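For reference, the structure is listed below as structure tokens.
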Amino acid sequence: MPNGPQKPPAKKHPLQHKRAFQTALVQWFETKGKDYPWRRTTDPWPILVSEIMLQQTQVATVLGKGHYTRFMALYPTPRDMAEAAEQEILKAWEGLGYYRRARNLHAAAKAITRDHRGIFPRKYEEIRALPGIGQYTAGAVASFAYNEAQPIVDANVARVFSRLFDFQERIDTSAGNKQLWKWATELVPAENPRAFNSAIMELGQQQCSNKSPNCTTCPLRRFCHCSEPTTLPIKKSAAKVTRVDEFALFTQDSHGRILLQQVQKGERREGMWSLPRREHAETLDLPLALKTTYAITRYQVTLRVYADSNMPRSTRQHESWHLLDDLESLPMPSPDRRALESILEG
Ligand code: SF4
């Protein structure tokens, strides 16, 4: 339902009343801002880790399930992560999904260790030059760690700006994206950019949410020019969900070992250990042990796991047997881990 009627008309313009706008936002944040571990530090490394984790994972998962705390305990510095084996890192990332992020972070940690003697770079350009670090992440680290006046635009900020400026154009085009960054650059203050950037992101999460913006209590309502917030931002309609079927085997040998397959280079979940995948035709005669569904990007996957009691005489390429006691230490995609645990628990 559009929230137009409850939103009072704007009296000021964010760019013409910049100081008042920045003050209103930061004052709101001082009382309403949430207390996250990465906001209690100015060390750029934990800030970078949190930014990478939060790219595609909710705060509740990152914090609530202890992923962030465990990860930081394992790799408190870039050097600790640079020296770790990729398998170990994938295991530490388990449950967060989108494992490419863990590899990018590993590459960044190695670059910091190799090119900067393990000391996190101080300049924005050097942060931006680290592997896998884009404009948003570099700006976030520079502003949160060093209080540098760098603009940031993530999905929350994009939504807030679209509404504040009543932006009636698509934001997912290069021109639309450029306009968002222009506003962010114009609005970030030289004084306390750290609080300003945290505040605008937080406002997007708490106050100016996608479906139910709370305009009546919004600290920016005097500056906000849209009349129907829920119609903004404008984007190309979301890609349709595609249904996909996967067929896998659960095979246990006489020693109780489980057959697993290592995902190969270039494939999604590269380097992880999964239940061996098969063509549908190869599973037709086998009893179904478990059927489950999971979502990844725009795919809705139905995973069927078949119990194969016919011991293969030889394993296929990239497949090997693993003792039950070793499963815990192997990096495994969450759907496979859940399926395996459910089957083993009977
Ligand atoms: S910024 Fe968002 S929550 Fe605030 S008044 Fe505008 S649309 Fe409403």
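Numerical summary
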{"item": "Boolean, ASP336 is out of contact with any strand residue (DSSP E or B) (no Cβ under 7 Å at 6 or more places or on another chain), under 24 Å from HIS255 (Cα atoms) and surrounded by 11 or more Cβ atoms within 10 Å (Cβ to Cβ)", "result": "no"}
{"item": "Residue ranges of helices (runs of 4 or more DSSP H) in segment 30-124 with at least 1 members in the same structural domain as ARG269 (by TED's automatic domain parsing), on the phi > 0 side of the Ramachandran plot and of a type in the set (Phe, Trp, Tyr)", "result": "none"}
{"item": "Hits in segment 197-230 - residues which are among the hydroxyl-bearing types (Ser, Thr, Tyr), in a helix (DSSP H, G or I) and either in contact (Cβ under 8 Å) with a residue 12 or more places away in the chain or in contact with a Lys or Arg (Cβ under 9 Å, 6 or more places away or on another chain) (or both)", "result": "SER198, THR216, THR230"}
{"item": "Residue satisfying all of: in segment 125-179; of a type in the set (Ser, Thr, Tyr) and not in a loop (DSSP other than H, G, I, E, B); surrounded by the most Cβ atoms within 10 Å (Cβ to Cβ) among these", "result": "SER162"}
{"item": "Complete set of residues in segment 222-257 that are touching an Asp or Glu at 6+ places or on another chain (Cβ under 9 Å), within 30 Å of PRO333 (Cβ to Cβ) and among the aliphatic types (A, V, I, L, M)", "result": "ALA248, LEU249"}
{"item": "Residue within segment 196-217 that is more than 25 Å from ALA20 (Cβ to Cβ) and more than 16 Å from the ligand (Cβ to nearest atom) present", "result": "no"}
{"item": "Filter pass, VAL305 being under 29 Å from the mean Cα position of the chain (by Cα), aliphatic (A, V, I, L, M) and within 19 Å of TYR98 (Cβ to Cβ)", "result": "no"}
{"item": "Candidate set from segment 207-256 (those that are touching a His at 6+ places or on another chain (Cβ under 9 Å) and crowded, with 20+ Cβ neighbours inside 10 Å); member that is farthest from SER174 (Cα to Cα)", "result": "PHE247"}
{"item": "Segment 44-82, subset surrounded by 14 or more Cβ atoms within 10 Å (Cβ to Cβ) and among the charged types (D, E, K, R), residue nearest to ALA138 (Cα to Cα)", "result": "GLU51"}
{"item": "Failed condition for ASN310, given (1) without any contact (Cβ under 8 Å) to a residue 24 or more places away in the chain; (2) at negative phi; (3) within 23 Å of the chain's Cα centre (by Cα)", "result": "(3)"}
{"item": "Residue count for segment 296-323, restricted to those that are exposed (fewer than 14 other Cβ atoms within 10 Å of the Cβ), under 21 Å from ASP245 (Cβ atoms) and at pLDDT below 90", "result": "3"}
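The values are calculated or read from the model by the stated rules, or taken from the named source; none is laboratory data. As the structure is a computational prediction, the values presented were derived from the model and not from experiment. Glycine gets a Cβ as well: all are built from the backbone with ideal geometry, and neighbour counts include every protein chain shown.
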